[in-house]
Every structure is written in structure tokens, then in C-alpha cells.
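Below is one structure, written out as C-alpha cells; the observations come after it.
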Amino acid sequence: MKVLDMKRKAIISGFSKLSREEKLEKMAELTGSAERIKSQLDSFRLKNKEQQDLLDEISENTLSNFYLPFGVTPNFLINDKLYHIPMVTEESSVIAAASRSAKFWADHGGFHARVISVIKSGQVHFLWKGKKSRLLDLLPELKFELYRSTKELTRNMRQRGGGIQAIKLVDLSDEMDNYYQLHVTFDTADSMGANFINSCLEQMAQTMQKFFKYFEGLSESERSCEIIMSILSNYTPDCIVECSVECNLEELDSIHPGLSGKEFAQKFLKAAKIAELDVYRATTHNKGIFNGIDAVALATGNDFRAIEANGHVWASKSGKYKSLTQASISYNRFRYQLTIPLSLGTVGGLTSLHPLAKFGLELLGKPSAKELMMITAAAGLSNNFGALRSLVTTGIQQGHMKMHLSNLLNALKADYEEKKQALEYFAHKTVSYSEVEAFIKSIRTKLQ
């Protein structure tokens, strides 16, 4: 009982209704010094009140801002057009790896990308106790009512070339008693379309209930349509982009000293094949792809969580989790390709609301959703190529830890002169926390 009483005392009721100052006081009760906490959180708030008010309203219970570096990866040649891609990431080696790969491939034909399809989907999940044959008989008239009832909701999207593409009945009553789905596909043009899809599905759910309730000639059991939920799916197997790079084997001769282009390509292919065979390696391999994809998604105001969930399901579509890339050597040509579902938007949501997301899209030349899909896929492929390039040559830690050196120095509170000496000392040495710590201690000991 004492433990339960303590938990009850710790519960905060009505927190969202408190002012920011009152929320800070509550947090101070849990963590300590109110002045220290307020000063720290205030230091990350914007001086521009209008922009800060906007950020405060994007989420709920906002106390401050959590900054991540907004960087640019230059020299992406995609379909013969040059892009300088914005990336938001805290991982120090991501932009460096992407930049190195982008520069190499810009000199060797660039990235080639195409959007295969852009269809998204959602479901109305419902229970219906009548016979399936009866439901199939009613389906044409039901679909007519569903299109009619969503006509106003889809008007603007249809004017932009999108809208509802198809409505299909899915029978899952063998899996769960009386369970069916309406599987609805959409084209959302340049928007990600989550709110549009969900609004359409919820309207369809209401229309279904009225349809079965008032349709003439139905039995009592056939009039009962229990809506479980109506929601979009973040799995978009029909919203696919493909991106690839390729060159002659001799063009890879400059990749690493001591390895011919052919030797490098053969070693690269073996590493790529392992990611197809082994789920442990596939997970890390695909994470390297999402290093680039997530960074572009964040920089352009897109939902990286939905993107990752989508990609991981796609990687498992064969029944086994595999890599998202394919490598090959044919007729003296090396080719590396990424095929992935990407649901992205360039209008609506944070894309126009967040000032840096808006700038990110402006930097890319205000791309369409299809163009952004190709750009983002190229960023993912470049990061993954850079990772495999390091893995089969120098090893991942040499480059990664050198990029991480500045973080270690900041953690050790190194001053300008100490950083300068450390950068010179570790220019050709292996970087580790213990080694960097020992080096900084040695400098400080000499000065005592």
C-alpha cells in the first residue's frame, strides 16, 4: 500500500492545462533546482517569439527545444541534376560518409533514380455477421455510396491529380470471426496525406453503418456492422522508389590503395550478400541506409518513424528480414541498387510550417513528392555505400572515430589549444575515449 500511495502522489493531473512556468515548477519538484532547470531550458528557446510560439504549438507540454545539427551534403548528382541535400542528424559520420560517396559517384555518372509507384492505403476494419456472398452482392452499391460520401473531402486532392484509387473488400473471417476490411488505396499527390486518408476512412466508416442500417431487405444480423477502427497504413508496398549507381570496374581502382577495382567490387559484393543471408548483419546494413533517409526526412519535415516502419516491413516481405539493396557485377560493370517504399510529402504538415523544413525544401529547389522520394533514396544509398566501402577496406572505426574525436574532446572540456594538439596527434592514430582522455591528461600534467 505504501508503494501505491507513493505512486499516486507522483502522478500529475491536468499537466497540459498548466502554464509553462507551472510545468517547470512541477519538473523542478522531481529533478531539483528550479532556477538551474529554468535557465538551462530557457537557453534553448528562440529569441524570436513568433517562431517560438509556433514551435510550442507543434507539440504538447513543450518546455524548450531539443536541437539537432542541420547540415548540408553537397554534390549529389541525381538523374543528371545536381542537388545539395539538407540533413538533420546527431551522428557525426553520416554527413561525412554521404558527402564522400556523393562526390565519388558525381564523377562516375551519378545516381539514377525512378519512382515506380505512389499508391498509399488505409483500411476500415469491421465485423459483419451476414454471409460473405450477401456482402459481395451489396458491395457495388456500397462502393457507390462510399465514393459519394467522400466527394467533398476528395475534391481538392482530385484537382491536384490524386484521390481515392480503389476500394476492395478483404475477407479475414477465417482469422477472426466475422472480420472484414475495406482496403482503400489513395494517390495523395505531393502531400504525405495522413490526415486526408484518415478523414476519408472515418467518413467511409460512418457511411457503412448508415448503409447497412437503412438498406432495404436486410435481416437483423445483416444490419449490424461494427466498426472496429479506421486508419491509414504506414506500409506502402505500392509507393516505391528505385535508386542505383554503376560504373566500370576499373573506375573503382581509386577506392582503396592496394585493391584493384575488380578486387574491391568482389569484396563489396560478398559483404552485400552477407546482408541478404544474415538477419544480424541485415539489420545494421539497413540502419546505414536509414542514416541518410532519416536525416533528409527530418530536414524536410517528414515522418521518419513511419518511413522506418515501412522499410523494415518491406525488408521482411519474403518471410525473412533481408537487406534493402542488391549488388551485382556483369560484363565488367559494377552496379549497386536500393529499392524501397518511401511515403513522403512536400506540402502540408511540418513541410511548410517549420521554418527549417521549409528552407530544406527550398534548398532542394521545391521538389515534388516524387522528386523528394528519389533524392531521399539517393541519400540512403550513398550512406550505405560509404559504410560498406569502409567495412571492406579500412574498417568502420577509423573514419567513424576520427569524426567522433571532436565529441570526445568536448566531453573532456578541452580548450582550443588542447583540441588543436589532439587533432594533430590523432591524425594517423586510432581514436578511442581512453586514448583521447590519456592524451588530454598528459597535456594538462605538463602545464602544472
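The values are calculated or read from the model by the stated rules, or taken from the named source; none is laboratory data. Note that this is a predicted model, so its numbers are computed, not measured. As a convention, Cβ positions derive from the backbone with ideal geometry for all residues, glycine included, and neighbour counts pool all protein chains shown.
Taking the criterion of being surrounded by fewer than 17 Cβ atoms within 10 Å (Cβ to Cβ), small (G, A, S) and part of a loop (DSSP other than H, G, I, E, B), the residues of segment 152-200 that qualify are G161, S173. Among the residues making up segment 31-62, none is of a type in the set (A, V, I, L, M, F, W, C), in contact with a Leu (Cβ under 6 Å, 6 or more places away or on another chain) and within 17 Å of H354 (Cα to Cα).
Yes/no matrix, rows are residues, columns are (1) touching a Lys or Arg at 6+ places or on another chain (Cβ under 7 Å); (2) under 25 Å from V296 (Cβ atoms); (3) not assigned by TED's automatic domain parsing to the domain that holds I293:
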| residue | (1), (2), (3) |
| --- | --- |
| T346 | no, yes, no |
| L350 | no, yes, no |
| H354 | no, yes, no |
| L409 | yes, no, yes |
| E424 | no, no, yes |
| I440 | no, no, yes |
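Restricted to segment 116-131, and to residues there that are out of contact with any Leu (no Cβ under 9 Å at 6 or more places or on another chain) and not in a strand (DSSP E or B), the residue that is farthest from Q209 (Cα to Cα) is I119. Considering segment 213-265, the residues that are in the same structural domain as I197 (by TED's automatic domain parsing) and part of a helix (DSSP H, G or I) include one that is surrounded by the fewest Cβ atoms within 10 Å (Cβ to Cβ), namely Y214.
Just so you know, in segment 347-386 the residues that are crowded, with 24+ Cβ neighbours inside 10 Å and more than 18 Å from the chain's Cα centre (by Cα) include one that is modelled with the lowest pLDDT, and it is G386. Filtering segment 189-210 for residues that are in the same structural domain as F104 (by TED's automatic domain parsing), β-branched (V, I, T) and either out of contact with any Asp or Glu (no Cβ under 6 Å at 6 or more places or on another chain) or modelled with pLDDT of 95 or more (or both) leaves an empty set.
Determine whether segment 388-395 contains at least one residue that is farther than 17 Å from L344 by Cβ, among the basic types (K, R), modelled with pLDDT of 85 or more and buried (at least 19 other Cβ atoms within 10 Å of the Cβ).
So in segment 388-395, the residues farther than 17 Å from L344 by Cβ come out as 388-395.
Narrowing further to those that are among the basic types (K, R): 389.
This time we only want the ones that are modelled with pLDDT of 85 or more, so: 389.
Cutting the leftovers down to buried (at least 19 other Cβ atoms within 10 Å of the Cβ) gives us 389.
Checking segment 388-395: at least one residue is farther than 17 Å from L344 by Cβ, among the basic types (K, R), modelled with pLDDT of 85 or more and buried (at least 19 other Cβ atoms within 10 Å of the Cβ).
Of the residues making up segment 266-303, those that are among the β-branched types (V, I, T) and surrounded by fewer than 24 Cβ atoms within 10 Å (Cβ to Cβ) are I274, V279, T283, T284. Given the criteria closer than 30 Å to D187 by Cβ and of a type in the set (F, W, Y), does F104 qualify? No: the conditions fail for F104.
T430 meets all of the listed conditions (1) in a helix (DSSP H, G or I); (2) surrounded by fewer than 13 Cβ atoms within 10 Å (Cβ to Cβ) but one, namely (1).
Let me confirm something: among K103, K143, which residue is part of a helix (DSSP H, G or I), modelled with pLDDT of 95 or more and within 30 Å of S406 (Cα to Cα)? Outline the logic, then answer.
Values: K143 fails: within 30 Å of S406 (Cα to Cα).
None of the others qualify; the one that does is K103.
From the list A282, A272, pick out the single residue that is in contact with a strand residue (DSSP E or B) (Cβ under 7 Å, 6 or more places away or on another chain) and on the phi < 0 side of the Ramachandran plot. Working first, answer last.
Details: A282 fails: in contact with a strand residue (DSSP E or B) (Cβ under 7 Å, 6 or more places away or on another chain).
Checking each option against the conditions leaves just A272.
The residues of segment 291-348 that are without any contact (Cβ under 8 Å) to a residue 12 or more places away in the chain, hydroxyl-bearing (S, T, Y) and more than 28 Å from G109 (Cα to Cα), listed by number, are S316, S318.
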